[in-house]
1. Run the numbers on segment B:425-442: which residues show a drop of 10 Å² or more in accessible area, chain on its own versus all protein chains together, using a 1.4 Å probe over heavy atoms?
2. Across segment A:298-355, how large is the tail of the calculated P(r) beyond 19 Å, expressed as a percent of all Cα pairs?
3. In terms of solvent-accessible area of protein heavy atoms at a 1.4 angstrom probe, what is the ranking of B:His331, A:His204, highest value first?
4. Considering only protein heavy atoms and a probe of 1.4 Å, how much of the accessible area of chain A is carbon and sulfur, as a whole percent?
5. Once R0 is set to 25 Å, what does the formula 1/(1 + (r/R0)^6) return for the Cβ-Cβ distance between B:Asp438 and B:Thr306, expressed as a FRET efficiency to the nearest 0.05?
6. Compare the Cα positions of B:Cys315, B:Ile394, B:Met415 along the charge dipole of segment B:306-458 (+1 at Cβ of Lys, Arg; -1 at Cβ of Asp, Glu; about the Cα centre) and return the one farthest towards the positive end.
7. When the solvent-accessible surface of protein heavy atoms is calculated with a 1.4 angstrom probe, in what order do B:Thr442, B:Thr130, A:Thr138 fall, highest first?
8. Taking the Cα centre of segment A:339-458 as origin, work out the dipole magnitude from +1 charges on Lys and Arg Cβ and -1 charges on Asp and Glu Cβ, in debye rounded to 20.
Protein chains: 2
Amino acid sequence: MSKANVPYKIYLDESEIPSSWYNVRADMKTKPAPLIHPGTLKPLKFEEMRPIFCDELIRQELDDDTPYIRIPNEIQNFYKMYRPSPLVHAVYLEELLGTPAHIFYKFEGNNTSGSHKLNSAIAQAYYAKTQGLKGVTTETGAGQWGTALAMACSFFKLECKVYMVKVSYEQKPFRREVMRTYGASVTPSPSMDTNIGRKINAEHPGTTGSLGCAISEAVEVATSTEGYRYVLGSVLNQVLLHQSVIGLETKAACEKYGIKPDIIIGCAGGGSNLGGLISPFMGEKLRGEADYQIIAVEPASCPSFTRGKFAYDFCDTGKVCPMAKMYTLGHDFIPSANHAGGLRYHGMSSILSQLYHDGLMEARAVEQTSVFEAAEMFARVEGILPAPESSHAIRVAIDEALKCKETGEEKTIIMGLTGTGYFDMVAYEQYNNGTMTDYIPTDEDLAKGFATIPNVNL
Amino acid sequence: MSKANVPYKIYLDESEIPSSWYNVRADMKTKPAPLIHPGTLKPLKFEEMRPIFCDELIRQELDDDTPYIRIPNEIQNFYKMYRPSPLVHAVYLEELLGTPAHIFYKFEGNNTSGSHKLNSAIAQAYYAKTQGLKGVTTETGAGQWGTALAMACSFFKLECKVYMVKVSYEQKPFRREVMRTYGASVTPSPSMDTNIGRKINAEHPGTTGSLGCAISEAVEVATSTEGYRYVLGSVLNQVLLHQSVIGLETKAACEKYGIKPDIIIGCAGGGSNLGGLISPFMGEKLRGEADYQIIAVEPASCPSFTRGKFAYDFCDTGKVCPMAKMYTLGHDFIPSANHAGGLRYHGMSSILSQLYHDGLMEARAVEQTSVFEAAEMFARVEGILPAPESSHAIRVAIDEALKCKETGEEKTIIMGLTGTGYFDMVAYEQYNNGTMTDYIPTDEDLAKGFATIPNVNL
């Protein structure tokens, strides 16, 4: 590529914000396995999902065929409040590394929720509102999803009940307070408000909670409260659909300026960011129109892609949710306390799991001290303080750029920079003080998690 | 104005970032009073300022005549990392208020320092670097300036020593940690490292510090350390010069889209944001080319414009700095613990003080609960969580828009939204919990501060 006419920061015009989401399933030869009912083991039907999810979102969840789904005007208008997000040419990082590679990052942190999560939160709140619902429930780990949903609900005047993993609730009081400022109620999970919360508290006294457990509580409250539904910030097909706005904008910016990516890199927890970023590029790959090296990056402490099993598993600890086929470490797997709260989920999006299984993308696991080394390097030259989650992608982008330095290849690397780290300064403090540790689960640790994966043969 | 062709968010192109700063002093009939030496009471000369400030910055400080000063390429390139900042049409706030007024805000929070402070920090770091210095010292209250300077120094590989008001250092550990992540050293002030710090600690055991005291420490260290100079984030003429980039971009955006402001509103602590925002508009007003209503907003707890005296006073508690003529509450005035740390300075920019004295702008003092009410209202509809400082401007913008609702006037209001409130969640928590209080100093309280203003007759 020629760098000459590429601005440092590419902002598309408002008129270039996509008017449809792209549904990568439409181009997948092997479709992602459907959600199944844990009792019958049959694929869930529309009617069976209605007590949990909003109607229109179920339609999106089940639609494996429509390639483009129109973004309602109300959502497009909300997108204009913080989109298009910039695609930034990381010239200072390139200079620091002395690499011939061209590095770009799609920065999703320029909104108050601090991450890409708002892209789906506003869509889900909108569909809940148009269905005439009173409110929604959800869980949050690191707090990015909860914050995004609180903002979205406040905008559409919906009630919002957030179950926040207890350890985060206690360690991140400011995250909690942002949600409250946007009018959400925030409850530490496991709580004593729900059957499943009381059960988990009784079985594991003093537990600091997990995402799987908070999901169970949020689903229980949604299904037992009049006018409420449950919404989820990752993993589901509908979420990847909404997040495709990231990839569509990235692709539009690339085409506008003649940027041809060789490698696309994103962090992967449940897969919302990575799935959204890569969707339109993967579509081209699936249709044989282009080829890209696509890399998912996960923490070595929670390695669902690189060391997990591809199997049907429960999405939550309490087993109140449908089962999904995915790369999983087992629904009872508890990752060590690494700081990328958004990447601590035991499973992975069914779409991405299928694509990975089919050899259409790769995965890398990285350790957190090396992630924070990359984060600080990036922050100091690029001026953005990245979230720990996003910094996983930075780590691998730097690694790939350094490989280019060795080989002399002038590859173009695009990475997803999902958000900012303002609420993660405890982690940075540990890194700055040299007290951060790494943790890689042993095969025995993993075996315990795998033992909880149900034996489903379909 | 016609709203039809105005985008929700106006982003200028990179090529429209100003290539010169505008020096409003060039158009002032009555120039701001010069800094004077506290011993001789004579205006400070270039040579006398050299031990404290960088050479080029002194030239800018003393230059009352050159209207446009070229922005060096290195600074323009850094500006491209986060500028142009958007001028946003607050359509949702207008809708909520039901006002015929048009409200726009210039949002300076989309960078990691979280505020406009970076505009001057990068300039000051650049001039320090080109002078061959080893490092700089500074003070920080709320932490926005310290963070901005840490980022700027990291970019130019300069050492950075920050003296942080002790109460902030303790209450805002995350702010401190961001500065450390950018490689700065952060010391709570008053410290035991300096003569003035030891003196203040001895005289006021257990003191939690003040900005005036932190300034004294930073200046002492700069003047006693080889290869170091002191830099300041507000008050000085040079800072307002650099911050004119805010106003120049705002004006360019207005001209591009046919927006004609009637009222321009900014919060004022030392005056850096307000001065920068209004400079080019004030220039037109001074030259008789246009008229604007310009409103400075300050906290009722620290009302330097609305209740202060226009007099020469010390800029710092330790009296190690030059004296400036300004609206002041007295250099020993200690404002109550309001949450807008950036607005707690006892004095005010000499430029703004002169303009205010000459009737070219007005000032309002507002109480903090009403400020947080405005902040939360704004956050919920506009999706940006504003800093407490910025929210002072929001309060008055809302008040003016509501006046338009009564009168039916279709005024166009522009306000400076200086930054984000992610590190101010303790304040939001108090507001959310209903435990926030207001404080307005009595005339007796003010009299104590006034008694410390030296009697200078020039």
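1. Listed in order, they are B:Met425, B:Val426, B:Glu429, B:Asn432, B:Asn433.
2. On the way: 353 of 1653 pairs.
The answer is 21 percent, as a whole percent.
3. Sorted descending by solvent-accessible area, the residues read A:His204, B:His331.
4. In chain A, the share of accessible area belonging to carbon and sulfur is 49 percent.
5. 0.95
6. B:Cys315
7. The ordering from most to least exposed comes out as B:Thr130, B:Thr442, A:Thr138.
8. Charge dipole, segment A:339-458, about its Cα centre: 220 debye, nearest 20.
The values are calculated or read from the model by the stated rules, or taken from the named source; none is laboratory data. From a predicted model like this one, the values you see are computed outputs, not experimental measurements. Methodologically, a virtual Cβ is constructed for each residue, glycine included, from the backbone with ideal geometry; neighbour enumeration extends over all protein chains shown. For accessibility, only protein heavy atoms count, side chains too; no ligands or nucleic acids. Shrake-Rupley method; radii C 1.70, N 1.55, O 1.52, S 1.80 Å.
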